[in-house]
Each structure stands twice: as structure tokens, then as C-alpha cells.
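My structure is below; once you've seen it, I'll send some questions.
The values are calculated or read from the model by the stated rules, or taken from the named source; none is laboratory data. Remember, it's a predicted structure, so these values are computed and weren't measured experimentally.
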């Protein structure tokens, strides 16, 4: 089967498949910072994020033959990092299901034409302070760029539960920012 995506690091990946530790180190140097930051956004502990990142690289190199080239290697690796990060959260017995508290769901149509007024770091800081279930959904969608269907697969939830949880998380984020007199959307 022909890969759907041609990775710019395909030669290094092929060398990794052949067991080259030099190629593995090159791949590591290319991706370690991004993968560490991805994990840190989820686990919020630098030491744990480092462990998750290291474990993800080991798993990727052990299972390199399962990489089919349908997406970039970086995307494939990020998926491993995200899954490992979520595993850490689950081991801490965190409830990652959306809250069922009867709040009204925001309709995306309500904010058509709005412009984001905040700096990225302000939004990231607000997301980081949110309850874990909301933080995970917002991080996967807004920061990591996964769509609702991908998040549903990653979190083993229904697509509807992800959409509901994301809407509630987005509303909670907006409320938090408005309490600080920082508007996220303008009408």
C-alpha cells in the first residue's frame, strides 16, 4: 500500500526501521521539545511530562513498523504522546467525562464574526487552570488541533459527548475570562 503522505523525514524513519540508533537520536532531536510541551499541557507536571515524552519515543521506536505514512511522523508521534498523557491522567483517577450539570450549551452561531482579542498565552493560562475534564478537551481541540471525531476516538467517548463537553468547556473558559474582564469573543 502506497503511503498517502510523504514525510520529509522518511529516510530517517526508514533508518529507524532498520534499527539505527543514530537515526532514532536524530528523530528525537527533531521532535522532543514539541512532544514534551504537548505532554506538559496535559499532565501539568514537568517531571511527568518528561517521562511521558520518553515513554512515547520508546513506544514509537518499538512500533515503528506500524507507522504507515498516512500522516506525518510528527502527527503519529503526537498521538502516542497524547494517549500516554491521558493514561497518566486516568491513572490518577481523574474523571475525564464531560460534566453533566445541566448548563446551557453555547451555540457556535452565537459568535459568528467575532474576533479573538486575547494573546495565546492568556488563553493557555486560563485553560491550564480549568478542571481536568475541560482542560483536556480544550487542549485537544484548540491547541493540539484534533477534531471532535478524533477526540472521541482518543478519549473513547461518543462524538456527541465530546461536542457537548467541548461546548461546556468553551462556555466555562469564556466565563473565566469575562470574570477577569477579558473578552474572548466580540459581537
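Which fully enclosed helices (runs of 4 or more DSSP H) of segment 1-72 have 2 or more residues being under 21 Å from the mean Cα position of the chain (by Cα) and not assigned by TED's automatic domain parsing to the domain that holds residue 124?
Details: elements: 10-17, 21-43, 46-62.
So the answer is 21-43, 46-62.
May I ask you to list the residues in segment 141-154 that are in a helix (DSSP H, G or I) and under 11 Å from the mean Cα position of the chain (by Cα)? Talk me through it step by step, then tell me what you get.
As a first pass, look at segment 141-154 and keep what is in a helix (DSSP H, G or I): 141-143, 148-154.
The answer is 141, 142, 143, 150, 151, 154.
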